[in-house]
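Let me begin by presenting the structure, written as structure tokens, before commenting on it.
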Amino acid sequence: MDDRGSAHHPGHGRRIRVELLLLATVALLALMAAPSLWGEVYTTEDLGFFHVPLRIFFARCLATGADPSWCPQLFCGFDLHGEGQIGLAHPWHHFLYRAFQFETALNLEFLISYPATMLGMAWLLRRRGLPIDASLLGGFMAAFGGFVVYHYMHVNVVGVVAHIPFALLAIDAIMRGDSARSRAWPGAALAAITGSQLLLGYPQAVFFSTIIEGLYAASVWVELRGRPRWLTALVCAKVLGLGLGAVQVLPSWGALAESERSAPTAEFLGMLSLPPANTIQWLVPYLFESRVYAPGEDLVPGWRVEPASSLSDSRVKEYGLYNGIAVPVLLAWVLVRWKHLRHRHLAGWAVAVAGLGLVLAFGKYAPIFELTHRLPGFNVFRAPARFVLLVHLASAVLVAVAFADLSTLRSSGNRLSWRRLWPLALPTIGSVAIVASARFGSPEAWLAEHQAPLGALILSVGLVATASGLVVAAARRVSWAPTALAVLIALDLGAYSMTYLASGSRAKLDLLAAFHPVATRSNAERAVFGPGTLVCDNLWMFSGRGLVEGYAGLTPVRRLDYSKPSSRRVASAAWSVGHPTSRLPDPLPRARLVAEARVSDDPNRDLDTIDPAIVALVDRPVTLDAGEPSGDPIIVRDRPGELRVVVDSPGRRLLVISERHHHGWTARVDRQPAEILRAYGDFMAIVVEEGRHMVHLRFQPKTLAAGKAISIASMTLVIAWPIGMRRFRRPRTLGQRAIFQGVHRRSAVPVDSSRSDARESATSE
């Protein structure tokens with residue numbers, strides 16, 4: 001059955017495909033939003049351990065007017081703004097967590113990235129000339145493909161990814177603009193997009209975006225074959241975008257310098273590299289129970305993990321290479337049609353991005369890693385497997401281009417011969433060969449004990465064979481084949497993504513609070529994690545105590561070992577949280593006076609040799625009066641980033657505060673600037689004279705102040721750029737003025753339209 005002789009059929013089929021893709025999009029978004037209908041939030045891995053508790057802290061600070069830049073409830077105090085992942089400076093976050101209840105705000109932040117990604121990718125493909133159904137198909141794959149859904153617990157990563165198609169749109173408009181004025185608005189848009197990405201606080205994803213943008217600009221340059229008049233606008237846009245994000249970039253750079261990641265090793269950078277055997281996912285997506293090939297491995301020295309046995313393994317999200325069963329089949333189609341492919345430049349860019357992303361994702365398994373892990377950008381971020389993002393976005397574009405070519409082939413009346421279609425059988429042959437080898441080959445090599453049931457393997461082969469058959473049918477001008485192929489892609493990706501999402505955890509916040517019972521409401525006391533308690537669960541920070549430990553991307557360097565009782569004592573740790581929660585003996589007050597100070601270059605070693613109740617270990621010599629450390633300081637104001645302590649000192653004493661030392665803290669004693677010393681390696685100390693004093697500490701890092709100033713200046717320039725170019729008029733030469741005046745005079749004389757048309761026709765001939 002074909003559509004020859006029925007001119008209305010191609011358009012009718014396209015309309016059906018558009019409606020089906022929109023329906024599939026709405027259905028998937030409804031499934032993703034379902035937990036929010038009964039007040040639940042997603043709590044899988046980093047969402048529950050990190051993002052939920054720290055966003056609760058952010059929302060509470062907004063409600064009370066406190067400064068969320070410093071979080072006193074983690075690590076005895078933590079530079080939350082420098083950590084970046086909460087996006088404290090992003091206007092969208094401020095709007096969400098001010099305007100809505102927390103559960104609604106979090107679910108909106110989580111959900112909005114998916115339709116935004118689809119809209120941006122569909123818009124980009126439509127601008128490049130693809131039909132609407134192919135554009136929506138590419139957008140659907142970009143939004144609901146492997147990486148974006150599998151990393152749903154990293155809401156800021158998905159948020160950065162949602163910006164990428166819009167950045168490519170802006171770059172395309174800049175490069176195809178015919179004047180400086182026409183490049184101004186897309187230039188300002190690209191600057192705003194880049195700034196927004198940086199403010200979301202996940203620089204690794206921004207680094208990925210920069211690579212994709214650079215390759216896209218190179219591809220369009222090759223396509224245009226012209227002088228790069230657009231280069232100035234493109235560079236200015238990215239520089240202004242960096243300036244917009246300076247309020248986040250500078251504090252994060254400072255936090256990185258003081259974190260445990262300041263000098264990463266090659267082993268750390270190669271952690272979570274994609275095992276090359278995972279390429280079999282393209283042909284047999286359900287071979288393993290966990291869907292990924294993740295053997296037992298040493299991620300870093302001292303950290304050994306067993307083979308992945310279920311979807312709950314944390315490596316599933318990192319090693320998930322699969323992005324739809326149509327990818328290998330339509331890649332074969334692109335190779336078959338390469339010489340006649342209409343959007344060959346776009347397809348070439350997609351192939352280059354996907355190939356580069358795959359090689360980089362292999363990380364330590366690829367020889368190129370010995371070079372890349374020393375390059376700027378690559379030498380900061382771990383988990384090379386996350387370069388899979390490049391593969392997934394590029395494969396979405398590649399599928400859209402191939403699907404558009406199939407539609408064009410049908411409407412043109414051409415029918416490919418069977419002889420030219422033989423490469424489309426290769427994916428099915430490869431799928432059968434992999435299944436046979438896995439079932440009857442070496443058990444150790446194929447993780448036989450972790451393979452899925454036979455039915456899942458048959459399903460995998462059936463999906464590949466069905467996709468190949470539908471592409472062949474479309475190439476032979478079977479009218480219903482493209483629609484069936486679009487439905488297969490939507491159902492395959494939707495089922496693959498939603499079943500992974502359903503395997504995660506969800507909970508109501510009141511149940512989470514009940515799981516972390518409150519034993520005290522004293523903010524002056526802190527807690528450590530007890531035996532058997534997950535040390536990366538930041539939700540314990542809402543149990544009425546601050547945490548001596550915690551979980552963060554940029555964990556600050558700590559000079560004390562908090563497994564030792566003496567270190568816990570000086571940290572004011574009064575509780576060991578867990579199941580059960582118990583009291584710790586003899587914690588020191590959060591603020592206290594000492595009359596003796598000793599210089600120590602290794603506080604962790606020397607702490608056990610002193611009585612910290614009367615002696616402080618400091619980083620430089622300090623003179624104190626002899627005597628008893630009498631007088632109990634009173635903390636009269638205790639807010640995030642601000643402390644006020646009333647001290648009644650019998651002499652020159654050292655005020656020790658068990659708040660983590662950071663270069664951003666400033667101190668005043670009775671409104672006079674005071675020096676902050678480092679006590680016990682991790683905490684703060686201030687010299688106070690005899691008498692009654694008010695000690696005021698504020699967290700005011702210079703990097704944050706400088707970042708704000710740069711961001712405000714950059715925002716002014718971004719706004720002024722298109723407005724200024726709109727008002728700008730290049731002075732006309734004398735010849736241009738004469739032509740303009742002559743045209744103006746002629747336009748004032750009535751002219752017979754028929755004679756004018758005839759004269760113009762003769763002139764053109």
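The values are calculated or read from the model by the stated rules, or taken from the named source; none is laboratory data. Just so we're clear, the structure is a prediction, and the values are computed from it rather than from any experiment. We place every Cβ from the backbone using ideal geometry, glycine too, and count neighbours over all the protein chains shown. Quick note on the areas: whole protein, heavy atoms, side chains included, nothing else; ligands and nucleic acids left out. Shrake-Rupley method; radii C 1.70, N 1.55, O 1.52, S 1.80 Å.
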First obtain the Kirkwood hydrodynamic radius of region 279-411 from its Cα pairs, then insert it into the Stokes-Einstein equation at 25 °C and 0.890 mPa s, and state the resulting D in µm² per second as a whole number.
149 µm²/s
Compute the distance in nm between two label points, each set 7 Å from the Cα along the Cα-to-Cβ direction, one at residue 26 and one at residue 335.
4.0 nm
Taking +1 at the Cβ of each Lys and Arg and -1 at the Cβ of each Asp and Glu, which of 188, 581, 13 sits farthest along the dipole of the chain towards its positive end, judged by Cα position relative to the Cα centre?
13
By how many nm would the segment from residue 181 to residue 709 grow when fully extended, if each residue of separation counts as 0.36 nm and the alpha-carbon distance is taken off?
187.3 nm
Evaluate the charge dipole of the chain about its Cα centre and quote only its size in Debye, nearest 20, assuming +1 on the Cβ of each Lys and Arg and -1 on the Cβ of each Asp and Glu.
3880 debye
State the Kirkwood hydrodynamic radius of region 180-330 in Å, one decimal place, computed from all pairs of distinct Cα atoms.
19.1 Å
Considering all projection directions equally, how large on average is the shadow of the alpha-carbon convex hull of region 165-246, in square nanometres?
4.7 nm²
Reach of residue 508 by Cα under 13 Å, taken over aspartates and glutamates that are not fewer than 8 positions away in the same chain
40, 103
Using unit Cβ charges (K, R positive; D, E negative) and no other charged atoms, how large, in debye to the nearest 20, is the dipole of region 269-349 about its Cα centre?
700 debye
For region 45-203, what does the accessible surface come to per residue with a 1.4 Å probe? Please give it in Å².
26 Å²
Below 8 Å between Cα atoms, with a sequence gap of 6+, how large is the relative contact order for region 278-369 in percent?
23 percent
Between region 131-198 and region 258-300, the Cα center-to-center distance that results, in Å:
27 Å
Pop out the carbon and sulfur fraction of the accessible area of the chain as a percent, whole number, probe 1.4 Å.
61 percent
Note down the nm distance, to one decimal, between modelled labels 7 Å out along Cα→Cβ at residue 92 and at residue 726.
2.5 nm
Whole-number accessible area per residue in Å² for region 347-443, which is evaluated in the context of all protein chains at 1.4 Å:
41 Å²
Say R0 is 30 Å: what FRET efficiency, to the nearest 0.05, do residue 344 and residue 370 get from their beta-carbon distance?
0.30
Helix 246-257: inclination vs the chain longest Cα principal axis, degrees, rounded to 10, gives 60 degrees
Can you compute the radius of gyration and Dmax for region 563-644, using only the Cα atoms, both in Å?
14.6, 45
Segment residue 417-residue 229, length gained on full extension (0.36 nm per residue, minus Cα span)
63.2 nm
Relative contact order of the chain: what whole-number percent is it, with Cα pairs under 8 angstrom and at least 6 residues apart?
16 percent
Over 5 Å intervals from 0, what percent of Cα-Cα pairs in region 155-213 sits in each interval?
4, 22, 29, 20, 13, 8, 4, 0
Separation between the residue 502 and residue 279 pseudo-spin-labels, each 7 Å from Cα along Cα→Cβ, expressed in nm?
3.3 nm
Within straight-line cross-link reach of residue 364, lysines at Cα separation under 27 Å, skipping those fewer than 8 residues along the same chain:
317
For the chain, what are the per-bin percents of Cα-Cα distances with bins 10 Å wide, up to the bin holding the maximum?
2, 12, 20, 21, 17, 12, 8, 4, 2, 1, 0, 0
Expected 222 nm ellipticity per residue - DSSP helices of 4 or more, -39500 (n - 2.57), all of the chain, to 500:
-16000 deg cm²/dmol
Bins of 10 Å from zero: percent of alpha-carbon pairs in region 59-121:
19, 44, 28, 8, 1
Principal-axis tilt of helix 231-244 within the chain, Cα atoms, nearest 10 degrees:
30 degrees
Of 219, 175, 277, farthest towards positive along the dipole that unit charges on Lys, Arg, Asp, Glu beta carbons give region 147-306
175
Cross-link partners among lysines for residue 238, C-alpha distance below 28 Å, same-chain residues fewer than 8 apart left out?
702, 708
Residues listed by number, region 217-252, amide nitrogen under 20 Å from residue 719 label point at 7 Å toward C-beta
237-248
The helix 132-144 Cα axis meets the longest alpha-carbon principal axis of the chain at an angle in degrees, between 0 and 90 and rounded to 10, of 20 degrees
Based only on Cα atoms, what Rg/Rh ratio does region 1-149 have, Rh being taken as Kirkwood's radius?
1.15
Tell me, how many Å apart are the Cα centres for region 12-55 and for region 644-675?
49 Å
Taking the dipole of region 351-510 about the Cα centre (Lys, Arg +1; Asp, Glu -1; charges at Cβ), the one of 402, 435, 468 that reaches farthest to the positive side is 402
